[in-house]
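What follows is a single structure, written as structure tokens, with notes after it.
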Amino acid sequence: MTNRAQGKTLAILAVDGFEEVELTSPRDAIKKAGGKTTIVSTEDGTIQANKHRQHGDTYTVDVTLPNANVADYDALLIPGGLFSPDALRTDEKAIAFVRNFFAEKKPVFAICHGPQVLISAGVVKGREMTGNSAIQKDLKNAGANVKNQAVVVDSGLVTSRNPDDLESFNAKIVEEICEGHHDDQRLSA
């Protein structure tokens, strides 16, 4: 089963300040399953990871948002951290990119504070979701049905709370990307 994601490509949307393990752990799970990943960001060059409040490593941006085409990817991952989701949620190109994955009925994965980007994209109303405990009220106020559990799956939308849940989150990422399009994936309720 090591090549079950062969031929699948995961777009990872992040800018400076993402939580490092929330990018690297899912990325490694996809690669281990035979798939590929592409880091998409707002600017060319590198992006700086955080390990909680400390700086982590830097990662090379593969594609900038103006050059990123949803048709080139099978699914989208939005890692958390305090700063990356906060910057992405106010970037119109990032919001349009996210919304296009929903419009194309492709799987979308968000962990920790990553679901904040989904709130700004207007795609959470009526969806079963989770996120970091600090944003669960925000999700609820945006119309999501919030569950405080490791992973919540709702028709191609997979959300998770924090790095402690990565093993379960990664397993669902691989499963959902392998399933492909989700007919019930939608822009809103």
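Numbers below:
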{"quantity": "Every residue from segment 16-36 that is assigned to a strand (DSSP E or B) and surrounded by 23 or more Cβ atoms within 10 Å (Cβ to Cβ)", "calculated": "Phe18, Glu19"}
{"quantity": "Looking only at segment 162-186, and only at residues there that are part of a loop (DSSP other than H, G, I, E, B) and among the polar types (S, T, N, Q), the one that is modelled with the lowest pLDDT", "calculated": "Gln185"}
{"quantity": "Filter result (assigned to a helix (DSSP H, G or I) and in contact (Cβ under 8 Å) with a residue 12 or more places away in the chain) within segment 133-150", "calculated": "Ser133, Ala134, Ile135, Gln136, Asp138, Leu139"}
{"quantity": "Cβ-Cβ under 7 Å pairs, at least 6 apart or on other chains, segment 19-43 side farther than 17 Å from Leu76 by Cβ, far side modelled with pLDDT of 95 or more and in a helix (DSSP H, G or I)", "calculated": "Val21/Pro163; Val21/Leu166"}
{"quantity": "Test: residue in segment 132-145 that is within 15 Å of Ile173 (Cα to Cα) and of a type outside the set (S, T, N, Q)", "calculated": "no"}
{"quantity": "Selection count, segment 37-66, where residues are among the charged types (D, E, K, R) and part of a strand (DSSP E or B)", "calculated": "2"}
{"quantity": "Breaking point among (1) outside any helix (DSSP H, G or I); (2) crowded, with 20+ Cβ neighbours inside 10 Å, for Val153", "calculated": "(2)"}
{"quantity": "Test: residue in segment 115-134 that is under 17 Å from Asp74 (Cα atoms), surrounded by 24 or more Cβ atoms within 10 Å (Cβ to Cβ) and modelled with pLDDT of 95 or more", "calculated": "no"}
{"quantity": "Lys106 vs. criteria crowded, with 17+ Cβ neighbours inside 10 Å and at pLDDT 95 or above", "calculated": "yes"}
{"quantity": "Whichever residue in segment 67-99 is small (Gly, Ala, Ser) and assigned to a loop (DSSP other than H, G, I, E, B) and, among such residues, is nearest to the chain's Cα centre (by Cα)", "calculated": "Gly80"}
{"quantity": "Number of positions in segment 39-61 that are of a type outside the set (A, V, I, L, M) and surrounded by 16 or more Cβ atoms within 10 Å (Cβ to Cβ)", "calculated": "6"}
{"quantity": "Within segment 156-172, considering residues that are in contact with a helix residue (DSSP H, G or I) (Cβ under 7 Å, 6 or more places away or on another chain) and closer than 16 Å to Val98 by Cβ, the one surrounded by the most Cβ atoms within 10 Å (Cβ to Cβ)", "calculated": "Thr159"}
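Quick grid of which residues meet (1) within 23 Å of Arg161 (Cα to Cα); (2) modelled with pLDDT under 95:
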position	(1), (2)
Ile39	yes, no
Thr42	no, no
Gly56	yes, yes
Asp62	no, no
Pro66	no, no
Asn69	no, no
Tyr73	no, no
Leu76	yes, no
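The values are calculated or read from the model by the stated rules, or taken from the named source; none is laboratory data. Quick caveat, the model's predicted, so the values are computed rather than measured. Ideal geometry is used to build each Cβ from the backbone, glycine not excepted, and the neighbour counts take in all protein chains shown.
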